[in-house]
Amino acid sequence: MWIQNAAALLLVPLLFSTKFLGEAYSPMTMSAAAKATLYDMPVSNNGARSRIIIYKKKISSEVDIVSPMELGGLKSPEYLKLNPQGKMPLLTVEGSSFAIPESDTICRYLLSTYADVGPSFLPNDAKSNLIARLHDMYLTTIQGCLYKATPPFGIYGTRKDALDEFRKQMKVIDDLIDADRDGIYLCGSEVSLADATLFPTMTFARHMLPKFGIPETDALPPKIKSWYSQLLAGDDVFNKVHDEVLGALQGWDEKGRWDTIPLAGLRDEDPETIFDKIIAKEIPASVVYEDRAVLAFKDINPAAPAHVLVIPKERNGLSGLRKASPDHVEILGKLLVAAGEISKDESLGFKDGARIVINDGPDGGQEVPHLHVHVLGGRSLTWPPG
Ligand code: 5GP
């Protein structure tokens, strides 16, 4: 009810304004648009697309850009009241009964509310919309693999899988770009929502993928790479947003953000073991099970009638169980599931159950510094172990 009243209150001055009664009303004046606030910070790539629209349409006096810190931060009760997700960006509009906590919806609100001000951003262009949607569905959902401390990243349990997928999805978008388009923007000579959506995330990718060992020259696929440098060279607003995002990322660098992230600051630098040779099939082993992540083979020096070792194919820092971190949750689960399956295999000599053992470190009697699960059975084992 109060919102209807608020709308009525807004209409009264409009009805009596000379613009409304006399000349054709032009939204160029923007007097009809309710004041809005975008809660956002420079580092937010998803918020940056709204900032590109605000800067391009020159509507900064209509849409305040405010840091969530002014309300106490993303997790403060005051901010959570506006956005229970505790995320940015968030758009609030005076007189509206709800806030908009989602980037694409914020952009579309800005594009329709300020349709006649500045560039249109081609809201009905199929290619622009497709690139923006692909970005939101397949890049945004896993972009945490570039900078977050721990998995999962979307549906991916390991950083490596998420990074591979991120690069694959950039390539899918790259394939949609015309090499000979007539202008510097993704859809040609006019800036579109796709440019605003993709550009800030590509600033992330260009800065962060090299931290994971991907050469800087290969961080972006070819057509995205040339589009990106054309925008940097030829569009002031994109340049400004590039500086905003990159400036914040460099702040993360200074704070050592990537120092403790596996595959970036943390790499597996322990020496190779005999198991690497078995994985590479350089020395023979009696393999009983193999999939993408796990290899299982008979122990060369069996301690029971049935004795199989189950190992991760990529050690990824797991020289022993004490090195396990949230990055290893997926592989640890896979090793145990494989061990359970193997222990049921009578053709390997297992009977009714097995002992599943991980020796860890000198006190545990570990000899090979590549995590391995012993599956022992074929007879009744005693307890306690020696
Ligand atoms: P740990 O004492 O480190 O827990 O166990 C290492 C296991 O690897 C031992 O049981 C040992 O017999 C086994 N092993 C060591 N080298 C080889 C090898 O070259 N081939 C196979 N199949 N097993 C090995």
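The values are calculated or read from the model by the stated rules, or taken from the named source; none is laboratory data. This structure is a prediction, so every number in the text was calculated from the model and none was measured. So basically every Cβ, Gly included, is an ideal-geometry build from the backbone, and we count neighbours across all protein chains shown.
Only one of Asp345, Asp352, Asp327 is under 19 Å from Asp161 (Cβ atoms) and more than 12 Å from the ligand (Cβ to nearest atom). Can you tell me which? Lay out the reasoning, then the answer.
Values: Asp345 fails: under 19 Å from Asp161 (Cβ atoms); Asp352 fails: under 19 Å from Asp161 (Cβ atoms).
Criteria check complete, one pass: Asp327.
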Top-ranked residue of segment 205-242 - restricted to ones that are under 21 Å from the mean Cα position of the chain (by Cα) and closer than 25 Å to Ile54 by Cα, ranked as surrounded by the most Cβ atoms within 10 Å (Cβ to Cβ):
Val241
Scan segment 368-384 residue by residue and report those that are over 43 Å from the mean Cα position of the chain (by Cα) and either without any contact (Cβ under 8 Å) to a residue 24 or more places away in the chain or within 11 Å of the ligand (Cβ to nearest atom) (or both).
Ser380, Thr382, Trp383, Pro384
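Among the candidates Glu269, Glu244, single out the residue that is more than 30 Å from Arg379 (Cα to Cα) and in contact with a Pro (Cβ under 6 Å, 6 or more places away or on another chain). Lay out the reasoning, then the answer.
Values: Glu269 fails: in contact with a Pro (Cβ under 6 Å, 6 or more places away or on another chain).
Every option except Glu244 fails the conditions.
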Find the residue count for segment 325-345, including only residues that are over 15 Å from Arg315 (Cα atoms) and aliphatic (A, V, I, L, M).
5
Could you tell me which numbered condition Glu272 fails, if it satisfies all but one of (1) crowded, with 18+ Cβ neighbours inside 10 Å; (2) away from the ligand (no atom under 11 Å from the Cβ)?
(1)
Got a number for residues in segment 292-324 being away from the ligand (no atom under 11 Å from the Cβ), touching a His at 6+ places or on another chain (Cβ under 9 Å) and over 21 Å from Ser343 (Cα atoms)?
4
Taking segment 277-291 and keeping only residues that are closer than 15 Å to Glu341 by Cβ and either part of a loop (DSSP other than H, G, I, E, B) or within 12 Å of the ligand (Cβ to nearest atom) (or both), one is left with Val287, Val288, Asp291
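Rundown of residues vs (1) part of a helix (DSSP H, G or I); (2) within 20 Å of Ser44 (Cβ to Cβ); (3) at pLDDT below 95, yes/no style:
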site: Tyr138; (1), (2), (3): yes, yes, no
site: Gln143; (1), (2), (3): yes, yes, no
site: Lys168; (1), (2), (3): yes, no, no
site: Asp180; (1), (2), (3): no, no, yes
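For (1) touching a residue at least 12 places away in the same chain (Cβ under 8 Å); (2) within 24 Å of Leu263 (Cα to Cα); (3) hydroxyl-bearing (Ser, Thr, Tyr), each residue gets a yes or a no:
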position: Val287; (1), (2), (3): no, no, no
position: Ala296; (1), (2), (3): yes, no, no
position: Ile311; (1), (2), (3): yes, yes, no
position: Gly320; (1), (2), (3): yes, yes, no
position: Ala339; (1), (2), (3): yes, no, no
position: Asp352; (1), (2), (3): no, no, no
position: Val357; (1), (2), (3): yes, no, no
Checking Thr260 against (1) more than 13 Å from the ligand (Cβ to nearest atom); (2) buried (at least 16 other Cβ atoms within 10 Å of the Cβ); (3) over 29 Å from Glu346 (Cα atoms); (4) hydroxyl-bearing (Ser, Thr, Tyr): exactly one of these is not met. Which one?
(2)
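Condition (residue is farther than 22 Å from Gly378 by Cβ and modelled with pLDDT under 95) applied to segment 225-238: is it met by at least one residue? If you could, list the steps in order and put the result at the bottom.
If we filter segment 225-238 for residues that are farther than 22 Å from Gly378 by Cβ, which is where we start, we get 225-238.
Remaining after also requiring modelled with pLDDT under 95: none.
Checked segment 225-238: no residue is farther than 22 Å from Gly378 by Cβ and modelled with pLDDT under 95.
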Residue satisfying all of: in segment 355-367; more than 35 Å from the chain's Cα centre (by Cα) and among the aliphatic types (A, V, I, L, M); nearest to the ligand (Cβ to nearest atom) among these
Val357
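Determine whether Lys148 is out of contact with any Gly (no Cβ under 7 Å at 6 or more places or on another chain) and not in a helix (DSSP H, G or I).
yes
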Conditions first: (1) under 19 Å from the mean Cα position of the chain (by Cα); (2) farther than 26 Å from Ser325 by Cβ; (3) outside any helix (DSSP H, G or I). Thr260 passes all but one, so which condition is the exception?
(2)
Among the residues that make up segment 168-175, is at least one of them under 13 Å from the mean Cα position of the chain (by Cα) and in contact (Cβ under 8 Å) with a residue 40 or more places away in the chain?
yes
Per the filter on segment 165-194, residues in contact with a strand residue (DSSP E or B) (Cβ under 9 Å, 6 or more places away or on another chain) and within 24 Å of Leu246 (Cα to Cα) are Glu165, Phe166, Val191, Ser192, Ala194
Quickly run through segment 59-114 and pick out the residues that are among the basic types (Lys, Arg), part of a helix (DSSP H, G or I) and farther than 28 Å from Asn129 by Cβ.
Lys81
